[in-house]
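One structure is given below, encoded as structure tokens.
The values are calculated or read from the model by the stated rules, or taken from the named source; none is laboratory data. These numbers were taken from a predicted model, which means no experiment stands behind them. FYI the Cβ positions are ideal-geometry reconstructions off the backbone, even for glycines, and counts take in every protein chain you see. These accessible areas exclude ligands, DNA and RNA; they are computed on the full protein's heavy atoms, side chains included. Shrake-Rupley method; radii C 1.70, N 1.55, O 1.52, S 1.80 Å.
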Amino acid sequence: QVQLVESGGGLVQPGGSLRLSCAASGSILSIYYMGWYRQAPGKQRELVAAITSDVSTNYADSVKGRFTISRDNAKNTVYLQMNSLKPEDTAVYYCYAYYGFKDYWGQGTQVTVSS
């Protein structure tokens, strides 16, 4: 079992930055794939960024060059650094892990980009 707890969301002005954190209940060394997804009102949940245990990353085209995903195995935490935020980045952001042939999701954290 893996429990994921997100933090770091909030209200930010366009052009601002936020860093989301996803703390796992145990070691993430054995979790090959972790990622951040988001869901805006009335839209489907979509992949934002993903990272594997060998630190290979993948980003949605809409966030390339603005967002950076990273993992700190010593702290069992995955981060999403979000810069140059736009109103269209407004959504609930979810942490995700694939482990033991199962999907695990966090509870989500709201990110609102507005002036």
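Rounded to the nearest whole Å², what accessible area per residue is found for region 42-81 with the 1.4 Å probe?
Values: 2240 Å² over 40 residues.
I get 56 Å² per residue for this part.
Considering only the other residues whose Cβ falls under 14 Å of the Cβ of residue 17, what net charge follows from Lys and Arg at +1 and Asp and Glu at -1?
Values: positive: 19, 66, 86; negative: 89.
Here the count lands on +2.
Taking the chain as a Gaussian network, where each spring joins two C-alpha atoms under 10 Å apart, which residue of 102, 75, 64 fluctuates the most?
Largest GNM mean-square fluctuation: 102.
With every protein chain left in place, what is the accessible area of residue 69 in Å² (1.4 Å probe, nearest 10)?
Rounded to the nearest 10, the figure is 10 Å².
Figure the gain on full extension for residue 23 and residue 46 (residue separation times 0.36 nm, minus the Cα-Cα span) and round it to one decimal in nm. Before the final figure, lay out each step's value.
On the way: separation 23, 0.36 × 23 = 8.28 nm, distance 2.05 nm.
Length difference between fully extended and current span is 6.2 nm.
Determine the sum of side-chain charges near residue 32: Lys and Arg each +1, Asp and Glu each -1, restricted to other residues whose C-beta is under 14 angstrom from that of residue 32.
Working: positive: 71, 102; negative: 54, 103.
That sum, taken over residues with Cβ under 14 Å, equals 0.
Give the ranking of 71, 45, 19 by solvent-accessible surface, highest area first, calculated with a 1.4 Å probe.
Numbers: 71 35, 45 90, 19 130 Å².
In descending accessible area the options line up as 19, 45, 71.
Which of the lysines could be linked to residue 43 by a straight reach, that is with a Cα gap under 18 Å, when you skip same-chain ones fewer than 8 residues away?
Within reach: 86.
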